[in-house]
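Notes for the one structure printed next.
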Amino acid sequence: MKKILFLSFILFFGNLVYSQDYSNGRQKFTFKQTVYELIEYENKNNDFEICLLISKSNETADTVHINANIHDMEFLSFGEYVDLDKKYILLTARYSFWILNLYNNKLSKAYSPNFYGMGSDSQSSMLSNVSVILDGRCVIGYCVDSGCFLYDLSNIYSPKEIQPANNPIYHENRVILLPQFKNKGKFTAIFLYTESWNADYKIIFINKTVEQEDFSYLTNLSEEQIEELAINEYPVTASYTILKETELDNKSKYIVIENDTGKIISLPAKIEINRQEIIKYLENL
């Protein structure tokens with residue numbers, strides 16, 4: 001017997017219309033006379049699958065199979081519609097999200113954020129509050145037991161998760177450096193934070209040339225190794241993000257961001273070019 005999907009969605013703009021039909025467990029929306037419909041069905045192997053039916057008036061529907069984990073099915077839903085030059089919609093599930101390109105009706109592969117936590121129950125790595133910011137440029141959300149995440153959608157055919165600029169094993173909040181479109185080598189700093197599994201953001205600074213540490217190795221560590229790092233690493237790393245900025249005259253100084261609040265710490269001018277002096281100063285705050 002088919003399960004009934006109780007799905008939620010958000011309405012945006014006049015040319016996108018959502019409708020629900022609880023009698024057969026389907027959710028659908030229309031966009032420019034094209035109907036998109038999520039259905040769940042039982043295949044010949046008695047396994048449940050999720051399909052996306054795409055059809056226009058008086059035309060045979062195209063079928064797109066969605067490779068969702070069995071646990072994702074009751075959570076799969078249409079997400080937030082965004083009006084871009086390349087229009088798309090998010091499909092979100094328990095551990096992953098997909099991007100549906102509304103120009104060519106192509107569905108992306110599943111995307112799951114890097115997991116930096118140490119949890120191992122069914123809620124660990126579950127996605128919450130996946131949404132779009134900066135006029136459709138980025139997708140943000142919260143990953144349970146890991147923290148906030150951000151994907152750069154400059155190219156919706158190849159979304160890229162941006163690695164945190166602060167040490168992710170210490171903090172669920174994230175400092176993210178988002179590359180500028182037209183100013184190569186410059187970044188906008190975004191502070192991602194969470195309250196009750198809901199991700200939100202604020203801009204820290206815009207258009208600065210900065211460098212960050214590489215924390216990508218953390219995704220390959222075991223829980224024991226992560227716990228050891230959390231105990232033995234320098235405590236300043238847990239509280240602050242230290243970025244090296246190169247100014248127009250090629251001189252360098254450091255920017256310090258508080259990981260709890262996303263605020264820039266005011267440094268005495270005499271130490272802002274010396275990282276070791278900055279660390280000593282932060283230890284005594």
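Some notes on this structure:
- Enumeration of residues in segment 238-256 that are part of a loop (DSSP other than H, G, I, E, B) and not hydrophobic (A, V, I, L, M, F, W, C): Glu247, Asp249, Asn250, Lys251
- Scanning segment 138-163 for residues that are at pLDDT 90 or above and assigned to a strand (DSSP E or B) returns Cys138, Val139, Ile140, Gly141, Tyr142, Cys148, Phe149, Leu150, Tyr151, Asp152, Lys160, Glu161.
- Test: Leu243 is at negative phi, aliphatic (A, V, I, L, M), exposed (fewer than 12 other Cβ atoms within 10 Å of the Cβ) and modelled with pLDDT of 75 or more: no
- Residues satisfying the stated conditions in segment 165-199, i.e. free of Cβ contacts under 8 Å to residues at least 24 places away in the same chain and under 24 Å from Phe97 (Cα atoms): Glu195, Ser196
- Subset of segment 102-135 [modelled with pLDDT under 85 and under 16 Å from Leu178 (Cα atoms)]: Asp135
- Single residue of segment 257-284 satisfying the filter (hydrophobic (A, V, I, L, M, F, W, C), surrounded by 13 or more Cβ atoms within 10 Å (Cβ to Cβ) and assigned to a loop (DSSP other than H, G, I, E, B)) that is farthest from the chain's Cα centre (by Cα): Ile271
- One residue from Tyr217, Tyr254 being surrounded by 13 or more Cβ atoms within 10 Å (Cβ to Cβ) and among the aromatic types (Phe, Trp, Tyr): Tyr254
- Residue satisfying condition, being polar (S, T, N, Q) and surrounded by 16 or more Cβ atoms within 10 Å (Cβ to Cβ), within set Asn114, Asn155: Asn114
- Set side by side, the residues Ile169, Ile226 differ, and just one is surrounded by 18 or more Cβ atoms within 10 Å (Cβ to Cβ), out of contact with any strand residue (DSSP E or B) (no Cβ under 7 Å at 6 or more places or on another chain), modelled with pLDDT under 90 and among the aliphatic types (A, V, I, L, M), which is Ile169.
- Looking across Ile226, Ile203, Ile156, Ile162, one residue alone is closer than 27 Å to Lys87 by Cα and in contact (Cβ under 8 Å) with a residue 60 or more places away in the chain. It is Ile156.
- Test: residue in segment 211-222 that is touching a Leu at 6+ places or on another chain (Cβ under 8 Å), more than 17 Å from Tyr170 (Cα to Cα) and either among the β-branched types (Val, Ile, Thr) or outside any helix (DSSP H, G or I) (or both): yes
The values are calculated or read from the model by the stated rules, or taken from the named source; none is laboratory data. Since we're looking at a predicted model, the values are computed, not measured. Cβ coordinates were reconstructed from backbone atoms using ideal geometry, including for glycine residues, and neighbour counts include every protein chain displayed.
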